[in-house]
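Chemist: Below is a structure I'd like to ask you about.
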Amino acid sequence: MMLTTLGEAVDKTIRQLRYRIQDAPDAPFDPDEWEYIGVYAGTDERATPHFHLLVYIDGDVSESLFNPVVDTFVSSCEYAPDDGRGNRPDEGAVEIRGNGDESIPYADRETLLSEKSYTGQNSQGAVYILTQLPHLRDVDKMARDELLHSATTDAWGGHPFRSSVPKSDIDEKYLPSDPM
């Protein structure tokens, strides 16, 4: 199954991420200086599963730190094109926000995609990733591909949300105050 293969590749990718950020001999950060959240999402057409990974790091970081992480994903996932198409760090697979004087873009109530109310400051990345969580609602209110991805993820039995901290410890500023 595609989600199982993707999940195995994501496991290897997160291990590589942890190694590069905190465990390698030249790793730039300690374990308490970074966190991640991730969601298995489906594309708008054909509900093709893919993974969004958002990493928060307390400090400046170079995009090149993530190149081996992306390479691990491409080599581990049989569905990722061998040429890296869609997964090239220099073409958007890796985006850095907040280095130096650059601020992290936050979402406000006026720019959110839904009428749900959010509390606190939500990074646009966190809001986007969390809106990608698969969900089931009235079938006649769901787009076909949204329904396909959500039903497939539900039947998969895996967890569509991953994080470096327990779900119970995730700060409320990243979660909607109304259910999605």
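Chemist: Could you list, in sequence order, all residues of segment 7-45 that are under 19 Å from residue 152 (Cβ atoms) and either hydrophobic (A, V, I, L, M, F, W, C) or in a strand (DSSP E or B) (or both)?
Modeler: Matches in segment 7-45: 9, 10, 38, 39, 40, 41, 42.
Chemist: Identify the single condition in (1) in contact with a helix residue (DSSP H, G or I) (Cβ under 8 Å, 6 or more places away or on another chain); (2) at pLDDT 65 or above; (3) open to solvent by 40 Å² or more (accessible area, probe 1.4 Å) that residue 130 does not satisfy, given that it satisfies every other one.
Modeler: (3)
Chemist: Please go through (1) surrounded by 14 or more Cβ atoms within 10 Å (Cβ to Cβ); (2) in contact with a helix residue (DSSP H, G or I) (Cβ under 8 Å, 6 or more places away or on another chain); (3) assigned to a helix (DSSP H, G or I) for residue 4 and return the number of the only condition it doesn't satisfy.
Modeler: (1)
Chemist: Given the condition in contact with a helix residue (DSSP H, G or I) (Cβ under 7 Å, 6 or more places away or on another chain), within 17 Å of residue 29 (Cα to Cα) and not acidic (Asp, Glu), answer yes or no: does some residue in segment 69-78 qualify?
Modeler: Checked segment 69-78: at least one residue is in contact with a helix residue (DSSP H, G or I) (Cβ under 7 Å, 6 or more places away or on another chain), within 17 Å of residue 29 (Cα to Cα) and not acidic (Asp, Glu).
Chemist: Would it be correct to say that residue 59 is among the small types (Gly, Ala, Ser) and either part of a loop (DSSP other than H, G, I, E, B) or surrounded by fewer than 15 Cβ atoms within 10 Å (Cβ to Cβ) (or both)?
Modeler: Criteria met by residue 59.
Chemist: Is it true that some residue in segment 56-79 is touching a strand residue (DSSP E or B) at 6+ places or on another chain (Cβ under 7 Å), over 15 Å from residue 12 (Cα atoms) and among the hydrophobic types (A, V, I, L, M, F, W, C)?
Modeler: Looking for residues that are touching a strand residue (DSSP E or B) at 6+ places or on another chain (Cβ under 7 Å), over 15 Å from residue 12 (Cα atoms) and among the hydrophobic types (A, V, I, L, M, F, W, C), one finds at least one in segment 56-79, hence yes.
Chemist: Report the residue count in segment 77-95 for those that are in contact (Cβ under 8 Å) with a residue 40 or more places away in the chain and surrounded by fewer than 18 Cβ atoms within 10 Å (Cβ to Cβ).
Modeler: Residues that pass the stated criteria total 2.
The values are calculated or read from the model by the stated rules, or taken from the named source; none is laboratory data. Bear in mind that the values here come from a model prediction, so they are computed numbers and not experimental data. Note: ideal-geometry Cβ built from the backbone for every residue, glycine included; neighbour counts use all protein chains shown. Side chains included, ligands, DNA and RNA excluded: accessible areas come from the protein's heavy atoms. Shrake-Rupley method; radii C 1.70, N 1.55, O 1.52, S 1.80 Å.
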